[in-house]
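I have placed the structure first, in the form of structure tokens, so that the comments after it can refer back to it.
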Amino acid sequence: MLDGEIAIYVYKKKATMLEYADDVIRLKIADLEYSEALESIKPITELGKILTELNIKIDVPEIKLLDIPEGQYDLQRFFYHFFLKCYWNNELSRNECDVINYDWYHPQLCSRHTHDEVSNWITDAGLKIQHAHEDHYGITMRASKN
């Protein structure tokens, strides 16, 4: 019997409005050449920059209808987690932020999954989960036979 581990990362099912925005933008840039798609992403990066510079925190009630948990959020992160992936990082150049936004929106094959789905794949394959981590965007799991 062979020993070893498998590690996977999959996109997680996210908040309703973010999933919608992802699908709309991916559809609109799918057939564009790289330079044209990158150019079309730049206003999204600019919005991320503007929201970051506002440096505003907001208290949000749970909004079950939109899959938004209660909490205090930086305004840019609130948009980023629940409505529009408008990435901005002051430590990177504008071009680097544009490329990160492009990279998020350009994959043509982009399935999303729940923690339970991924866990079931692993256990159905007769493997034992050694590590699991979930953040706003993805699920990482590591598994082995033992």
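Bear in mind these aren't lab numbers, they're just calculated from the coordinates by the rules spelled out. Everything quoted here is computed from the prediction, not taken from an experiment. Cβ placement follows ideal geometry from the backbone for every residue including glycine, while neighbour counts extend to all protein chains displayed.
So what's the back-of-envelope 222 nm ellipticity for the chain, counting only DSSP H runs of four-plus at -39500 (n - 2.57) apiece and dividing by all residues, rounded to 500?
After summing the helix terms and dividing by the residues of the chain, the value is -14000 deg cm²/dmol.
Which ³J(HN,Hα) values in Hz, rounded to whole numbers, follow from the phi angles of the stretch 135-146 under the Karplus curve 6.51 cos²θ - 1.76 cosθ + 1.60, where θ = phi - 60° and Gly and Pro get x?
For the stretch 135-146, the Karplus-derived couplings read 10, 4, 10, x, 10, 10, 9, 10, 9, 8, 6, 8 Hz, x marking Gly and Pro.
Select from ILE63, ILE41, ILE100 the residue whose mean-square fluctuation is largest in a Gaussian network model of the chain (Cα-Cα springs shorter than 10 Å).
Its mean-square fluctuation being the largest, the pick is ILE63.
About the Cα centre of the chain, what is the dipole size in debye to 20, counting +1 per Lys and Arg Cβ and -1 per Asp and Glu Cβ, all else neutral?
Computed about the Cα centre, the dipole is about 220 debye.
Using a Gaussian network model of the chain with C-alpha springs under 10 Å, which one of TYR102, TYR87, TYR34 is most mobile by mean-square fluctuation?
TYR34
Where is the GNM fluctuation largest for the chain (alpha-carbon springs, 10 angstrom cutoff): ALA125, ALA15, ALA37?
Highest fluctuation of the listed residues: ALA125.
With a sphere of radius 15 Å drawn around the Cβ of ILE129, what net charge do the other residues whose Cβ falls strictly inside it have (Lys, Arg +1; Asp, Glu -1)? Mind dumping the intermediate values first?
On the way: positive: LYS128, ARG142, LYS145; negative: GLU5, ASP116, GLU117, ASP124, GLU134.
Neighbourhood net charge equals -2.
Where Lys and Arg each count +1 and Asp and Glu each count -1, what net charge lies around LEU18 among other residues with Cβ under 13 Å from its Cβ?
So the environment of LEU18 carries a net charge of +3.
Of all beta bridges DSSP finds with both residues in the chain, what is the antiparallel percent, to the nearest 5?
Of all bridge pairs located within the chain, approximately 90 percent are antiparallel.
Given labels modelled 7 Å from the Cα in the Cβ direction, how far is it in nm from HIS136 to SER93?
In this crude label model, HIS136 to SER93 measures out at 2.6 nm.
Below 21 Å Cα-Cα, how many Lys pairs turn up in the chain? Only count pairs eight or more apart in sequence, or on different chains, if you could.
Count of close lysine pairs: 17.
Among MET17, TYR34, GLY4, pick out the residue whose Cα is farthest towards the positive end of the charge dipole of the chain, where Lys and Arg carry +1 and Asp and Glu carry -1 on C-beta, about the Cα centre.
After comparing all options, I get GLY4.
Taking amide hydrogens as modeled 1.01 Å from N in the peptide plane, which residues meet the under 5 Å criterion relative to LYS12, leaving out close sequence neighbours?
Amide H to amide H, under 5 Å and 5 or more residues apart or across chains, LYS12 pairs with HIS113, GLY138, ILE139.
Quick one: 3J(HN,Hα) in Hz for the stretch 46-63, Karplus 6.51/-1.76/1.60 with θ = phi - 60°, rounded, Gly and Pro as x.
So the Karplus estimates, Gly and Pro as x, are 4, 4, x, 5, 4, 5, 5, 5, 5, 6, 10, 9, 10, 9, 10, x, 4, 10 Hz.
Kirkwood-based Rg over Rh for the stretch 5-144 (C-alpha set), two decimals?
Result: Rg/Rh = 1.02.
Could you work out the relative contact order of the chain? I mean the mean sequence separation of Cα pairs under 8 Å and 6+ apart, divided by the number of residues, in percent.
It comes to 37 percent, rounded to a whole number.
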